[in-house]
Every structure is written in structure tokens, then in C-alpha cells.
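Here is the structure we will look at.
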Amino acid sequence: MSQPARPLRLLLIEDDEDDFLAVRSLLRESEIPNYVLDWANSYERGLNAIDNPSHDLYLIDYRLGDESGLDLIRHAADHNLAQPLILLSSVQEVDLGVQAITLGASDHLLKGEFDGRQLGRSIRYALERTRPCRARGRSNTRAALLQRCLEASYNGVMIADAQSDDYPIIYVNPAFERITGYSASEVLGRNVRFLQGRQTQQPGIEAIRRALARQREAHVVLRNFRKDGSAFWNDLYIAPVPDEHGVVTHYIGVQNDISERKRFESELAYNASHDVLTGLPNRSLLEDRLQQGCQIARRYVRELAVMLIDLDGFKPINDTLGHAVGDKVLVEVAQRMADEIRPGDTLARLGGDEFVVVLPDLAHGEDALLVAERLIRSIARPYHFNELHLHVTASIGITLSDGDIEQPMKLIQEADLAMYQAKQHGRNNYQWYTEHLNQEVSERMTLRNELQKSIGSMNFELHYQPQIDARRGAVIGSEALLRWMHPERGLISPLRFIPVAEDTGQIIPISQWVLDTACRHNRDLLDRNCVHGPISVNISAVHFLRDNFVATVQRALDNSGLPAHLLELEITESVLLKDAERAIRLLHELKELGVGLALDDFGTGYSSLSYLKDLPIDKVKIDRSFIEDLIRDPRDAAITQGIISMAHHLELQVVAEGVETLEQADFLSRSQCDVFQGHLYARPMPFAELEAYLRQRQSV
């Protein structure tokens with residue numbers, strides 16, 4: 001096509017702006033050198049443009065609101081429009097293309113299945129074939145126009161003789177030749193079934209036979225073969241063509257190569273059931289495999305084992321080395337685990353660094369232990385990526401079933417509980433699921449929910465246990481102890497609910513309430529001239545390491561008006577285990593506020609000796625576990641004396657917790673312990689009783 005002296009004027013009749021932008025983009029990729037694209041965004045504007053033609057070619061969408069683009073093509077034919085029209089559609093109907101061409105369209109293109117080059121070719125062919133038609137006029141041109149349009153069509157078209165035996169092909173268009181690789185001379189006179197090759201038992205073939213027997217249309221998808229032997233998916237429409245008397249004389253077949261679409265659908269189906277990173281089954285497919293495993297276990301009276309594997313220390317790899325390295329580790333872990341299980345077993349990835357292994361056919365449940373041990377050893381081997389040498393271990397939870405379970409996915413939950421038990425036992429090991437474990441977790445969930453209710457109203461109390469100067473016998477302070485009196489379950493021990501609150505983060509609002517309340521109570525005592533020394537408040541490691549902790553302490557002092565030296569904060573050695581350098585920095589900031597600092601439960605951890613000289617603390621509190629057997633166990637006595645001596649050399653005071661007998665007090669006095677705290681002197685008491693106790697002690 002020679003370049004026109006003026007730009008080629010094209011009009012797109014389309015009510016969807018996104019489709020207009022898509023066509024405009026495709027035209028930019030076409031080989032049309034000089035054109036102008038206009039846009040009519042409604043059926044009415046398109047109709048007006050056809051009635052007042054000023055464009056060289058019209059691209060018409062099939063769906064225009066409630067109207068049809070076919071009506072515009074019919075209207076154009078009735079008004080003898082000389083310019084060519086091309087129908088665009090996003091639906092695949094059996095005879096839509098045939099209808100459009102019969103009405104006078106030059107071509108029918110399916111949205112999403114043509115590119116810019118193919119669009120340009122369709123426009124070029126339509127314009128070239130329109131010129132002779134204009135010269136000859138429109139009389140007796142319908143058949144010739146249809147012929148040319150079929151030849152220009154992007155879809156393969158085949159016409160078979162319905163009056164002859166075996167329906168021989170009498171016509172194929174160039175698109176048919178392109179799709180199949182066969183020339184027209186090689187297929188004329190043959191039945192189109194030769195494209196099926198040896199795959200003659202496809203479901204769609206029977207549908208074609210029924211349609212031909214009833215002289216009705218058919219739409220099937222067949223696996224066909226090109227001349228070079230390569231396979232393609234043929235989206236085939238077949239329709240009968242009757243003559244003027246209604247006798248079917250021919251069949252027209254319109255085919256489209258949808259191999260790329262089939263490949264995409266196959267990928268979507270695969271990705272819907274498999275993990276994209278590792279290629280392992282995902283949760284959806286795992287559920288199906290679990291159900292199958294339960295059926296096998298029931299049918300053959302075998303054991304089914306489910307293992308949940310969670311990697312230890314994987315998050316720091318992602319955080320420090322990036323997700324690209326983390327992904328490589330996950331892929332390698334998946335491959336190693338796949339090598340350790342049987343072909344009939346299932347390895348799936350739940351997400352993140354969690355995997356599940358299903359062993360559906362075990363003679364003995366204990367056989368799962370051999371698999372678990374192999375997995376742990378395999379995962380623990382070093383990982384080498386270029387110059388990186390990484391180490392990862394795994395914690396595994398195992399549960400067994402005989403397959404008689406209404407919801408197989410519950411086995412995943414059971415294995416998950418056991419896996420967390422393995423984490424608590426030091427990681428890099430496996431644990432079995434037990435009913436006791438389930439009860440324990442259930443109790444924790446109940447406590448968590450009840451805690452949340454109590455946090456809303458702060459339904460807690462503070463009791464105070466006085467601290468006694470070992471030399472003078474005077475009260476020199478007290479420790480605030482949290483109490484939770486549940487309205488239905490009664491008093492719940494802090495040993496039960498504090499660990500739950502720390503795991504869930506609920507400890508933050510609770511700890512803040514304790515801090516604020518203790519400061520307010522000690523201020524009340526100060527205002528009543530009942531000063532006895534600082535109030536000690538236990539601080540959770542979770543709360544202590546929050547970025548704004550120092551600010552919350554300052555706010556509690558400011559709101560209550562309590563002098564800083566009348567507040568003492570007790571931390572445990574676990575703070576140092578989490579982030580020692582940050583913890584020491586925070587302690588120095590607190591020291592600058594003027595509050596007292598004590599190291600609680602001293603002697604039960606492992607890190608304090610190396611950091612003790614750097615901590616700006618005032619006191620150490622000997623854990624009650626050493627005081628309890630102080631008189632009977634020489635080792636506890638030696639440890640206690642060692643702690644007191646070391647603390648005094650570091651110029652620190654020593655508080656002994658849990659002093660309950662005179663013998664313990666005498667031993668501690670002889671060992672130069674500074675402060676006593678325990679039932680021998682006073683039990684923890686509500687704040688309302690503390691003032692009376694202090695006044696009584698003052699009078700004595």
C-alpha cells in the first residue's frame with residue numbers, strides 16, 4: 001500500500017476508554033506510516049459518523065452499551081457506505097465473524113488475540129480490497145466481498161461440501177494455511193479430520209459428529225497437529241450453511257490457535273495449587289492430599305503422620321542478607337527435604353519458612369521419627385551461596401492419625417502446636433503432639449481472651465511486700481506485685497498469665513498500668529507523711545526494650561508528682577540476652593532520670609556476670625530458689641554467699657527474696673546481706689493495708 005498524500009483517517013467506535021487506549025497503542029506498533037485515529041465513544045456518535053462519512057476505515061466494537069456493532073454494519077450496508085468496516089469483539093460466538101462478514105464487514109478481530117502487526121495487516125487488506133469494489137460499484141459484489149474478507153481474516157476458515165460423502169474441504173483461507181502449515185492444494189478434497197492425527201478419541205470429536213448428524217452448529221476445542229507434526233489447540237466453530245430453500249449445502253468452520261491461552265491457563269491452574277518459589281504443593285493442594293492420605297489410612301488400616309517443619313533463625317537471613325538469599329535457602333531446603341521422603345509422600349509449603357510433610361502409609365507411627373531425624377540432619381547441613389556460608393536448623397512437630405478424622409486440616413494445627421513445643425525445647429528437634437499439649441494451648445488461648453477483657457477495664461490490683469533493712473529492721477521500701485482477681489475463676493497466679501501476656505504483647509498496657517499506679521500510690525504515701533522508701537516495679541523485657549520506654553517512665557513520674565528517687569525499676573537478666581548493648585544504654589538513660597535500678601532473679605541466667613560491671617544498677621536481688629534451701633543445701637548457701645560478696649565488691653546492695661524463717665534470716669545476716677523480703681516480715685498486702693502496716697512499724 002503506497003502512502004497516501006494525506007494521513008489515513010481511522011475511526012474507532014468504542015464505548016470503553018481502556019479499549020480505545022489499547023487499540024491506539026497497537027496502531028502505534030503497526031506498519032501503517034501515516035494515520036489519524038479518531039474516537040466515537042457511543043453507538044449514537046458512531047451512527048452519526050457513518051451517516052456523515054469522513055473517514056477511510058471504521059473499527060467497530062461489537063458491544064456498544066445495549067446496542068450491537070452488527071447493527072452499525074447493517075446500517076452502513078443499507079446506506080451503501082463505501083469505506084471498509086472491521087468488527088472488534090471480546091466474545092467468541094460461533095457465527096459472529098460470519099455474520100459480520102455477511103453483513104459487509106471486511107474482517108472480524110478478537111480482542112486480546114491480535115497484535116499491532118496483525119491489526120495493521122487487517123486494515124491494509126481491507127483498504128486494498130475496497131478500492132476495486134468502489135470502482136465496480138456495489139451491485140452483485142456481496143459474494144466477492146465475502147471471499148476477500150475471508151481471505152483477510154485472522155481466523156482460519158474452512159468450507160466443506162455437505163452434499164458429498166465425507167464432507168470434503170472445498171475452500172480454506174490463508175489464515176488456515178498459516179495456522180496448520182498445509183497449503184490449500186494439500187487439503188482440498190480431504191476431510192478435516194486429518195488434523196487430528198492419532199488423537200481420534202477426543203471428547204470434542206463426538207460433539208462434532210452429533211452436530212453434523214443434526215445439522216446444527218458446534219463449538220469444540222481439539223488438539224490438532226500442524227504439517228510439521230507440532231501440536232496446537234484448535235478453538236473450532238462449525239456451523240451449517242443452508243441455501244435459499246433451507247437445505248444445508250455446506251459447513252463453515254472457523255478455527256483459532258489458542259495454544260498460548262491454553263499454556264497460560266495451565267500455568268494459572270498450576271500456580272493455584274503450587275507454591276511459585278519452590279514448586280511444592282501449596283495449602284490448597286495439601287488439603288486434598290491430606291484427605292487422600294486419611295482415606296488410605298482408613299482403607300488399609302495404616303497410620304498417617306503429619307509433620308510441620310519451621311526453620312530456626314531464618315528471619316535474620318532475610319533481614320540482613322535480603323530476600324533473594326532467603327529465597328535461595330528456601331529452595332535448597334525444599335530440595336533437601338524432597339530427597340528424604342518417599343515418592344508417595346507429600347511435601348508442601350504453607351508460606352514463609354513453614355513446610356508440611358504428609359506420610360500417608362505407615363505401618364507404625366514410630367516410622368515417622370526416622371523421617372524427622374533425616375530431615376533435621378539434612379536441613380542442618382551448611383548452605384553455600386558464592387562466598388556465603390549459612391547455617392539453618394529446623395523445629396518439627398509431629399502428629400499421628402488413623403485417618404478417622406472429620407477435618408483433616410486439623411492435623412496441621414496439631415502438628416503446629418507440637419512444633420512450637422519443639423521451639424521451646426531449644427529448637428533443632430522434634431516433638432509429638434499430645435492431648436495435654438492441646439489442653440495447655442487451649443488454656444493459654446482462654447487466658448489471652450480473658451486478659452483482653454480485663455485490660456479494657458484494668459481489672460487488676462497491686463499488692464505491696466515491704467523490704468526490711470537487715471541491720472536496723474526498718475522498712476526501707478516495698479515491691480509492687482500484680483494480682484488478677486478473675487470474677488469467675490478467682491485469683492490467677494502471675495506465673496500463669498504473665499508469660500501469656502508477654503507472648504501476645506498484652507504485657508505492654510498492663511506494665512504501663514502497674515508503673516502509673518505504683519507511682520501514684522507512693523505519692524499518696526508521701527503526701528500522708530508515710531514515707532518508707534522507693535516502690536519497686538518489675539519491668540517486662542518486652543516493655544523495657546520498647547523505643548519509648550524511658551519517656552513512659554518520665555511521664556509516670558510527672559503525672560504522679562513522685563520524686564524519681566522514690567521509684568525503683570527491677571529488670572531481669574533476660575533483658576541482656578535480647579540486646580545487651582541497647583539494654584545498657586537504656587539503663588544509663590533511666591539512671592539519669594534519678595530512678596533506682598535493681599537486677600531481679602539474680603543467679604538464674606547466664607549473661608549477667610559478663611555485663612554486671614557495666615550495668616548502672618544499685619541492687620541485685622537473689623532469687624528465692626537459692627534462699628528456699630539455704631539451710632539444707634550447702635551449694636545454695638555457697639552461691640548465696642558468693643553473690644553477696646561479689647555484689648559488695650561492686651558496691652551494690654543485696655536483697656534476699658523469699659525469706660520465710662529465722663534460720664534463713666540469721667544466715668543472711670551473718671553473710672552481710674543488706675535487705676530482706678519475705679513472709680517472715682510481711683506478706684504482700686493491698687495498698688489500703690500498706691499505710692496501716694507502715695505506721696505500725698514506725699511506732700515500734
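The values are calculated or read from the model by the stated rules, or taken from the named source; none is laboratory data. None of these values were measured; they are calculated from a predicted model. Using ideal geometry, Cβ is built from the backbone for each residue, glycine included, and neighbour counts are taken over all protein chains shown.
What the table shows:
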quantity: Members of segment 482-507 found to be modelled with pLDDT of 90 or more and among the hydrophobic types (A, V, I, L, M, F, W, C), listed by number; calculated: Leu482
quantity: Selection count where residues are outside any helix (DSSP H, G or I) and closer than 16 Å to Gln554 by Cβ, scope segment 515-533; calculated: 0
quantity: Test: His648 is in contact (Cβ under 8 Å) with a residue 24 or more places away in the chain, more than 51 Å from the chain's Cα centre (by Cα) and surrounded by fewer than 20 Cβ atoms within 10 Å (Cβ to Cβ); calculated: yes
quantity: Any chance Asn48 is in a loop (DSSP other than H, G, I, E, B), surrounded by fewer than 15 Cβ atoms within 10 Å (Cβ to Cβ) and either at pLDDT 90 or above or not acidic (Asp, Glu) (or both); calculated: no
quantity: Some residue of segment 367-374 being surrounded by 15 or more Cβ atoms within 10 Å (Cβ to Cβ), in contact with a Leu (Cβ under 7 Å, 6 or more places away or on another chain) and over 29 Å from Arg298 (Cβ atoms); calculated: no
quantity: Asp404, sole failed condition from (1) among the charged types (D, E, K, R); (2) surrounded by 13 or more Cβ atoms within 10 Å (Cβ to Cβ); (3) in contact (Cβ under 8 Å) with a residue 40 or more places away in the chain; calculated: (2)
quantity: Residues within segment 61-74 that are touching a strand residue (DSSP E or B) at 6+ places or on another chain (Cβ under 8 Å), in a strand (DSSP E or B) and under 13 Å from Gln99 (Cα atoms), tallied; calculated: 0
quantity: Of residues in segment 673-690 being assigned to a loop (DSSP other than H, G, I, E, B) and touching a residue at least 40 places away in the same chain (Cβ under 8 Å), the one farthest from Val531 (Cα to Cα); calculated: Cys673
quantity: Selection from segment 24-83 of residues that are touching a residue at least 60 places away in the same chain (Cβ under 8 Å) and of a type outside the set (A, V, I, L, M); calculated: Ser25, Arg28, Glu29, Ser30, Glu31, Asp56
quantity: Subset of segment 486-525 (residues that are more than 12 Å from Leu462 (Cα to Cα), hydroxyl-bearing (Ser, Thr, Tyr) and in contact (Cβ under 8 Å) with a residue 24 or more places away in the chain); calculated: Thr504
quantity: Evaluation of Thr278 against (1) under 30 Å from Val325 (Cβ atoms); (2) in a helix (DSSP H, G or I) (one fails), failing number; calculated: (2)
quantity: In segment 216-227, the residues that are over 45 Å from the mean Cα position of the chain (by Cα) and either farther than 20 Å from Tyr171 by Cβ or buried (at least 17 other Cβ atoms within 10 Å of the Cβ) (or both); calculated: Arg216
quantity: Residue that is surrounded by the fewest Cβ atoms within 10 Å (Cβ to Cβ) [pool: residues in segment 489-516 that are farther than 20 Å from Val542 by Cα and touching a helix residue (DSSP H, G or I) at 6+ places or on another chain (Cβ under 9 Å)]; calculated: Arg489
quantity: Residues within segment 135-158 that are modelled with pLDDT of 70 or more and assigned to a helix (DSSP H, G or I), tallied; calculated: 8
quantity: Residue identified as within 26 Å of Arg546 (Cβ to Cβ), acidic (Asp, Glu) and not in a helix (DSSP H, G or I) among Glu502, Glu479, Glu450; calculated: Glu479
quantity: Residue within segment 246-254 that is more than 19 Å from the chain's Cα centre (by Cα), within 22 Å of Pro360 (Cβ to Cβ) and modelled with pLDDT under 90 present; calculated: no
quantity: Segment 228-239, subset in contact with an Asp or Glu (Cβ under 7 Å, 6 or more places away or on another chain) and farther than 14 Å from Ile258 by Cα, residue surrounded by the most Cβ atoms within 10 Å (Cβ to Cβ); calculated: Ile238
quantity: Selection from segment 75-115 of residues that are in a helix (DSSP H, G or I) and either under 23 Å from Ala218 (Cα atoms) or touching a Gly at 6+ places or on another chain (Cβ under 8 Å) (or both); calculated: Ala76, Ala77, Leu96, Gly97, Val98, Gln99, Ala100, Ile101, Thr102, Leu103
quantity: Verdict on Asn282 being among the polar types (S, T, N, Q), buried (at least 18 other Cβ atoms within 10 Å of the Cβ), at pLDDT below 90 and within 21 Å of the chain's Cα centre (by Cα); calculated: yes
quantity: Failed item in (1) among the charged types (D, E, K, R); (2) exposed (fewer than 12 other Cβ atoms within 10 Å of the Cβ); (3) free of Cβ contacts under 8 Å to residues at least 24 places away in the same chain, with Glu443 passing the rest; calculated: (2)
quantity: Filtered residues of segment 571-605 (kept if under 40 Å from the mean Cα position of the chain (by Cα) and in contact (Cβ under 8 Å) with a residue 40 or more places away in the chain); calculated: Leu586
quantity: Evaluation of Arg471 against (1) loosely packed, with under 13 Cβ neighbours inside 10 Å; (2) in contact with an Asp or Glu (Cβ under 6 Å, 6 or more places away or on another chain) (one fails), failing number; calculated: (2)
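Residue-wise test of (1) in contact with a helix residue (DSSP H, G or I) (Cβ under 7 Å, 6 or more places away or on another chain); (2) within 22 Å of Val276 (Cβ to Cβ); (3) surrounded by 17 or more Cβ atoms within 10 Å (Cβ to Cβ).
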{"position": "Asp353", "(1), (2), (3)": "yes, yes, yes"}
{"position": "His364", "(1), (2), (3)": "no, no, no"}
{"position": "Ser378", "(1), (2), (3)": "yes, no, no"}
{"position": "Ile396", "(1), (2), (3)": "yes, no, yes"}
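Residue-by-condition table, conditions (1) farther than 17 Å from Asn429 by Cβ; (2) part of a strand (DSSP E or B); (3) not aliphatic (A, V, I, L, M):
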site: Pro316; (1), (2), (3): yes, no, yes
site: Leu330; (1), (2), (3): yes, no, no
site: Gln335; (1), (2), (3): yes, no, yes
site: Gly344; (1), (2), (3): yes, no, yes
site: Leu350; (1), (2), (3): yes, yes, no
site: Val357; (1), (2), (3): no, yes, no
site: Ala368; (1), (2), (3): no, no, no
site: Leu375; (1), (2), (3): no, no, no
